[in-house]
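To start, the structure under review is shown below, and the notes come after it.
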């Protein structure tokens, strides 16, 4: 993920030009002609050993229908697992960060598909509107509607709410928290947040270093801190102490402390930055931690 120092630059330009919104610097989609997954040669946060390879028979491209301004929008979903076991497996619904597309996040999706050997886990991921091969333009409302479209697809396949773990990485924490608190999932399944954003206000204060209301700079209006108060399902929070993008003190800790449910796990990674927590933790340790979400 690019650094949110872009917000500071954008603020300067906005104050001089009077016409910019910072949303344009938060969303960093990349449109593409095709997905490549294992054959992708672009930048990624980390690379996995060959032992985490996923067989082609377990990779399924899923067309999803979201919406924007009352119109249907086609977005791209990706399911990793056995389709014949969808009504029996535990599913991780992965909401990715602010940049690029599913190829960039493929190592993360591959890794999650190896959660708890001997147990059944599938991974559902999606590209938001405007990302990858998904139509439309990204927006806060779109993030939530897109993730909801993926959730709806899972539930239409027979996946029950108690077997759905919503996972939000960075900007993906916005739709992840919204889904976890929705009537469809409230109190059921689990929630994982990795390097989450706290709120639009925190984003602006950290990015601009000036005391300006978020509404002056952003169309986004989210508050994960307030929303976490209604989350009651098991919760795993992972954040790097050297996170240079969503600082643990201003973003991560307030989100974790706002949780009022009955079971939570906090993992602070001393040498972890924003983009490398699975690698710094060690891939197997990371997977063991992820598996604790549904372990009594």
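The values are calculated or read from the model by the stated rules, or taken from the named source; none is laboratory data. These figures come from a predicted structure and were not determined experimentally. Heads up, the Cβs are rebuilt from the backbone with ideal geometry, glycines too, and the neighbour counts pull from every protein chain shown.
Within segment 175-186, restricting attention to residues that are surrounded by fewer than 24 Cβ atoms within 10 Å (Cβ to Cβ) and touching a helix residue (DSSP H, G or I) at 6+ places or on another chain (Cβ under 9 Å), which residue is modelled with the lowest pLDDT? It would help to see each step written out before you state the result.
Pass one, segment 175-186, residues surrounded by fewer than 24 Cβ atoms within 10 Å (Cβ to Cβ): 178-179, 181-186.
If we keep only those that are touching a helix residue (DSSP H, G or I) at 6+ places or on another chain (Cβ under 9 Å) too, we end up with 178-179, 181-182, 184-186.
Values: 178: 97, 179: 97, 181: 95, 182: 95, 184: 94, 185: 95, 186: 86.
For segment 175-186, the residue satisfying everything is 186.
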### Query
Out of segment 120-163, which residues are within 20 Å of residue 224 (Cβ to Cβ) and part of a loop (DSSP other than H, G, I, E, B)?
128, 138, 139
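Give 102, 93, 86, 143 a once-over and let me know the one that is in contact (Cβ under 8 Å) with a residue 40 or more places away in the chain, buried (at least 22 other Cβ atoms within 10 Å of the Cβ) and over 21 Å from residue 278 (Cβ atoms). Let's see the steps before the verdict.
Working: 102 fails: over 21 Å from residue 278 (Cβ atoms); 93 fails: over 21 Å from residue 278 (Cβ atoms); 86 fails: buried (at least 22 other Cβ atoms within 10 Å of the Cβ).
After applying the criteria, what remains is 143.
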### Message
If I filter segment 47-61 down to residues being assigned to a loop (DSSP other than H, G, I, E, B) and within 17 Å of residue 282 (Cβ to Cβ), which single residue comes out as farthest from the chain's Cα centre (by Cα)?
### Response
49
### Query
Which condition number in (1) modelled with pLDDT under 95; (2) more than 27 Å from residue 74 (Cβ to Cβ) is the one that residue 190 fails?
(1)
### Query
Just a yes or no: is a residue in segment 197-215 closer than 23 Å to residue 68 by Cα, at pLDDT below 95, out of contact with any helix residue (DSSP H, G or I) (no Cβ under 6 Å at 6 or more places or on another chain) and surrounded by fewer than 16 Cβ atoms within 10 Å (Cβ to Cβ)?
yes
### Message
Checking the conditions here, which among 94, 35, 105 is at pLDDT 95 or above, in contact with a strand residue (DSSP E or B) (Cβ under 9 Å, 6 or more places away or on another chain) and in a loop (DSSP other than H, G, I, E, B)?
### Response
35
### Task
Tally the residues that are surrounded by fewer than 20 Cβ atoms within 10 Å (Cβ to Cβ) and more than 21 Å from residue 46 (Cβ to Cβ), restricting the search to segment 260-293.
8
### Task
Confirm whether residue 282 is at positive phi and modelled with pLDDT of 95 or more.
yes
### Message
Please determine whether any residue of segment 129-138 is touching a residue at least 60 places away in the same chain (Cβ under 8 Å), closer than 15 Å to residue 26 by Cβ, crowded, with 23+ Cβ neighbours inside 10 Å and in contact with a helix residue (DSSP H, G or I) (Cβ under 7 Å, 6 or more places away or on another chain).
### Response
yes
### Message
Can you find, within segment 242-259, the residue that is modelled with the lowest pLDDT among those that are surrounded by fewer than 17 Cβ atoms within 10 Å (Cβ to Cβ) and not in a helix (DSSP H, G or I)?
### Response
244
